[in-house]
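Undergrad: Here it is, the structure, as structure tokens.
Nothing in this text is a laboratory measurement; each read-out follows from the coordinates by a stated rule. Computed from a predicted model, the values in this text were never measured in an experiment. Ideal geometry is used to build each Cβ from the backbone, glycine not excepted, and the neighbour counts take in all protein chains shown.
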Amino acid sequence: MLFGEKTPIGLDIGAGFLKVARVKEARGGYELEDFDMIPLPPELIVDGSIIDSLRLSDSIKELLRKSRIKTKDAVISVSGHSSVIIKMITLPEMSEEELEESIKFEAEQYVPFDINDVNIDFQIIGPRDEPGQMDVILVAVKKDVINEYVSVVKDAGLNPVIVDVDVFALENMYELNYDISAAKNVALVDIGASSIKMNIIKGGIPSFTRDGPVGSNLHSEALQREFHIPYEVAERLKRGETVENISEEEARAVIEAASEEIFNEIGRSLEYFRTSMAKEEVAELILSGGCALIAGFPEMLAERLGIEVKIADPFQNIAISKRLDEAYIRDIAPIAAVSVGLAIRRVGDR
Ligand SMILES: Nc1ncnc2c1ncn2[C@@H]1O[C@H](COP(=O)(O)OP(=O)(O)OP(=O)(O)O)[C@@H](O)[C@H]1O
Ligand SMILES: [Mg+2]
């Protein structure tokens, strides 16, 4: 097939929602051809590890049926501080080929796992001010975690062609949709159901990444506890619906109180970047993930951290196909950030 479907889908396997996106390159631009998502039963994925692979591959099949996507090639991602290590390291200047040879040896001191148990990748950023030195981003992902995800995705009938990392998918999404300015530092922050992914971009380069262990499940749990309501009702409250005589104000107060750990987690990272690492301000925070959809949350975050918060728009430079429900896609856009970042990866692109 000369003009066969060569663009893989982006499949974001989150702890709360499975999302799939298909983005085609069309006349020099990009177009979203498909997007869909379904909620996952709780506890299928815990701290980036798959607990019930059978039910997960069934859920992936269900999503593919629902979205009617026929493409088999898929880009997926892994995350979690216990499976993924990302470090900016300084090495003596050498060529890509030389580093390819020695990376395993170099990485050993930075990776807290047995070096034979991880897949290693790297990107040379460039020379440092000190002569003869260069900056390198080192990425190590546990092999068993990759294998777990790959086998679940294969069981669902897909062909995983790239395994990426959530924080890099965010960066991909950002680079396609935003003007990169060397002058300002931008924090990409994705708050999902059970995790926070952060990637602070300095001069177009990922300089600080972090995977935090809390997410918007905190809000659901607090709402359930406070109002003695089941999970589904708490989810509706988060969407700003009025249920069971609970007012929006009451719900908002509980959500704000339950956000403390989230504020602290992000605040600590920003503080570390500002005071210890780059010694520069972070100009703005681009917020994605389902948490960005909670009524009032972005404003709370901005106020608490004293930073400009913008809701991520993964479709700023991606047209939305006429076949799709554009209003719906724009409404949920921030939750699609990682899946879009994955969907624009191409085999062999870096
Ligand atoms: N329309 C909405 N309004 C408010 N909250 C929402 C909405 N849709 C989803 N959420 C909340 O967002 C969270 C899911 O977000 P997201 O899909 O980004 O997480 P995930 O990728 O599944 O999780 P993780 O990244 O932690 O693995 C859930 O806690 C859910 O309650
Ligand atoms: Mg997620």
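Undergrad: Can you tell me what percent of all Cα-Cα pairs in segment 1-102 are more than 18 Å apart?
TA: Considering segment 1-102, 61 percent of its Cα-Cα pairs are separated by more than 18 Å.
Undergrad: Okay, moving on. Label segment 156-223 by shape, choosing from rounded, prolate and oblate, from the square roots a ≥ b ≥ c of the eigenvalues of the Cα gyration tensor; if a/c is under 1.5 it is rounded, and otherwise prolate applies when a/b is larger than b/c, oblate when it is not.
TA: Oblate, because a/c is 1.5 or more while a/b does not exceed b/c.
Undergrad: Can you flag which of LYS19/LYS143; LYS154/LYS197; LYS184/LYS279; LYS104/LYS279; LYS72/LYS142 are past 19 Å Cα-Cα?
TA: Pairs exceeding the cut-off: LYS19/LYS143; LYS154/LYS197; LYS104/LYS279; LYS72/LYS142.
Undergrad: Are there trypsin sites (Lys or Arg not before Pro) in segment 236-296 that DSSP marks as loop and that have at most 14 other Cβ atoms within 10 Å, and which are they?
TA: ARG239, LYS279
Undergrad: May I ask you to compute the full-extension gain from LYS310 to ASP325, defined as 0.36 nm times their residue separation minus their alpha-carbon distance, rounded to one decimal in nm?
TA: 3.1 nm
Undergrad: Using the Karplus curve 6.51 cos²θ - 1.76 cosθ + 1.60 with θ = phi - 60°, work out ³J(HN,Hα) for each residue of segment 32-39 in order, rounded to whole Hz, and write x for Gly and Pro.
TA: Once θ is set to phi - 60°, the couplings for segment 32-39 become 7, 9, 8, 8, 7, 8, 9, x Hz.
Undergrad: Shifting gears a bit: All other residues with a Cβ under 14 Å from the Cβ of SER59 taken together, and with Lys, Arg as +1 and Asp, Glu as -1, what is their net charge?
TA: Net local charge, SER59 excluded: -2.
Undergrad: When the Cα centres of segment 290-350 and segment 80-102 are compared, how far apart do they sit, in Å?
TA: 30
Undergrad: Order 125-133, 329-337 from most to least packed using the mean count of other Cβ atoms within 10 Å.
TA: Top to bottom by mean Cβ count within 10 Å: 329-337, 125-133.
Undergrad: With n ≥ 4 as the cut-off for DSSP H runs, can you work out [θ] at 222 nm for the chain, using -39500 (n - 2.57) per run divided by the number of residues, rounded to the nearest 500?
TA: Helices in the chain give a 222 nm mean residue ellipticity of -10000 deg cm²/dmol.
Undergrad: If you plug each phi of segment 128-144 into the Karplus form 6.51 cos²θ - 1.76 cosθ + 1.60 with θ = phi - 60°, what whole-Hz ³J(HN,Hα) values come out, in order, with x for Gly and Pro?
TA: 8, 5, 5, x, x, 10, 9, 8, 9, 8, 9, 10, 10, 10, 4, 4, 5
Undergrad: Follow-up. Can you give the relative contact order of the chain as a percent, counting alpha carbon pairs under 8 Å and 6+ residues apart?
TA: Once divided by the residue count of the chain, the mean separation gives 20 percent.
Undergrad: Based on other C-beta atoms within 10 Å, arrange THR209, THR275, THR71, THR242 from fewest to most.
TA: THR275, THR242, THR71, THR209
Undergrad: In a shell of Cβ-Cβ distance under 13 Å around VAL152, excluding VAL152 itself, what net charge do Lys and Arg (+1) and Asp and Glu (-1) give?
TA: Counting the neighbours of VAL152, the net charge comes to -2.
Undergrad: Could you pull out every residue, at least 5 positions away or on a different chain, whose amide H is within less than 5 Å of the one on VAL78? Hs are placed 1.01 Å off N in the peptide plane, and Pro or chain starts have none.
TA: It is ASP164, VAL165, ASP166, by chain and number.
Undergrad: Just going by the charge dipole of segment 179-312, with Lys and Arg at +1 and Asp and Glu at -1 on Cβ, which of GLN224, SER259, ALA234 is farthest out on the positive end?
TA: Going by the Cα projections, it comes out as SER259.
Undergrad: Continuing with this model, one more query. Please give the length that would be gained between PHE263 and ALA26 if that part of the chain were fully extended, namely 0.36 nm times their separation in residues minus their C-alpha to C-alpha distance (nm, one decimal).
TA: This chain segment gains 81.3 nm when fully extended.
Undergrad: Still on this structure, please answer the following. Tell me which residues come under 5 Å, amide H to amide H, from VAL214 once H is placed; ignore anything under 5 positions away on its chain.
TA: Long-range HN contacts for VAL214: ILE196.
Undergrad: To continue, here is another question. Which value does Rg/Rh take for the chain over its C-alpha atoms, Rh per Kirkwood?
TA: Computed over Cα atoms, the ratio is 0.96.
Undergrad: How large is the direction-averaged shadow of the alpha-carbon convex hull of segment 84-141, in nm²?
TA: Approximately 3.6 nm², given one-decimal rounding.
Undergrad: Let me ask another. Would you mind giving the average projected area, over all directions, of the Cα convex hull of segment 161-294 in nm² with one decimal?
TA: Reported value for the Cα convex hull: 9.5 nm².
Undergrad: Pull up all non-local amide H partners of MET134: gap of 5 or more, or a different chain, and H-to-H distance under 5 Å with H placed in the peptide plane.
TA: Sorted by chain and number, the residues that satisfy this are LEU91, GLU93, ARG128.
Undergrad: So what J values fall out for segment 45-59 if you push phi through Karplus, 6.51 cos²θ - 1.76 cosθ + 1.60 with θ = phi - 60°, rounded to Hz, Gly and Pro as x?
TA: 10, 10, 6, x, 9, 7, 8, 10, 5, 5, 5, 5, 5, 4, 5
Undergrad: If you add up the charges near SER49, with Lys and Arg at +1 and Asp and Glu at -1, over every other residue whose beta carbon is less than 12 angstrom from its beta carbon, what do you get?
TA: Its environment carries a net charge of -4.
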